[in-house]
C-alpha cells in the first residue's frame, strides 16, 4: 500500500482583508500559496503551514529557503548583469555581510543553464526582452534552492510565443526537479494546459479545486466570469472560449 505524500504547503481557513474590504475568507486548500506565504501580507485568521510547520514560527530566512517567489515584473534601478541578478537568489544562504562564494556562483550558473540563459550571463539586465526577463527571474528563484516556487502572473506582460516558452519551461522544471509550483493566472487556458491542479477563487472564497478537467468546466467558468463559456476539445487539447452574442 502506498502512502500519499503530505502537502508541502497547507492553508487552513485563511482570512485576509485590505482594510474593511475582505479578500479571502475561510480559504482552505492543500496546495494553495498566497502572498501571505511571503509574509508581505499578514492574514487576519487561519494558518499557513510549510512542510508541516506554522509559518509564524519560521524566520524570514527559513521561509526564503523553502519558498521562492517570481513577481510579475522587476525593474532594478541599476543595470546589474544577468548573473548578478541570479546570484541574488543565494542571499538566504549567505551570512550577514558575506559575499557569494564559488559554490554560490556554481549554483547560479547551473540555474542559468536550466533556463538556457547562460549565454547572456554578462548582459545588462535592463537590456533584455520580456521573455528573457521572466527567465532570469525564474533562474534567480532556482538559485534560491527552495522546493516551492510562487509565481504571480508570470506571463502577464508577454506575447503569445513567450507565454508558451515560459509556461512550458516552468512545467518542465517542476517535473525534472521535483518542485511544487503554484501560480496565479487570469487566463483559464493557461491553467488548462499547464496545471496539474486548479483552484477557482471568487469573492474571497473557493469555487472549485481539482484537476483542470474537473474544475475548468463551462458551468464553473460561467459562474466565475458571469458570462456564457464554452470548452472546446479535439480529444487531447482543450480551448476555453467565451460565447459572445453578435
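For a quick check of your reading: which helices (runs of 4 or more DSSP H) sit entirely within segment 159-246 and have at least 3 residues that are in the same structural domain as residue 129 (by TED's automatic domain parsing) and surrounded by 11 or more Cβ atoms within 10 Å (Cβ to Cβ)?
160-177
Would you mind stating whether residue 101 is buried (at least 18 other Cβ atoms within 10 Å of the Cβ) and either closer than 20 Å to residue 60 by Cα or out of contact with any strand residue (DSSP E or B) (no Cβ under 7 Å at 6 or more places or on another chain) (or both)?
no
Between 138, 142, which is part of a helix (DSSP H, G or I), under 26 Å from residue 51 (Cβ atoms) and touching a strand residue (DSSP E or B) at 6+ places or on another chain (Cβ under 7 Å)?
After ruling out the rest, the residue left standing is 138.
So residue 138 ticks every box in (1) over 14 Å from the mean Cα position of the chain (by Cα); (2) assigned by TED's automatic domain parsing to the domain that holds residue 84; (3) crowded, with 19+ Cβ neighbours inside 10 Å but one. Which box is left unticked?
(1)
Can you list residue pairs whose Cβ atoms sit under 9 Å apart, with the first residue in segment 48-61 being at positive phi and the second being at pLDDT below 70 and not in a strand (DSSP E or B)? Count only pairs 6 or more apart in sequence or on different chains.
Listed by first residue and then by second, the contacts come to 51/6; 51/8; 52/6; 52/7.
Restricting the first residue to segment 212-225 and requiring it to be over 20 Å from residue 194 (Cβ atoms), which pairs with a second residue that is in a loop (DSSP other than H, G, I, E, B) meet a Cβ separation below 7 Å and a spacing of at least six or different chains?
Within 7 Å, the pairs are 222/228.
The values are calculated or read from the model by the stated rules, or taken from the named source; none is laboratory data. Since the structure is predicted, the reported quantities are computational estimates derived from the model, not experimental observations. Neighbour counts run over all protein chains shown; Cβ positions are idealised from the backbone, glycine included.
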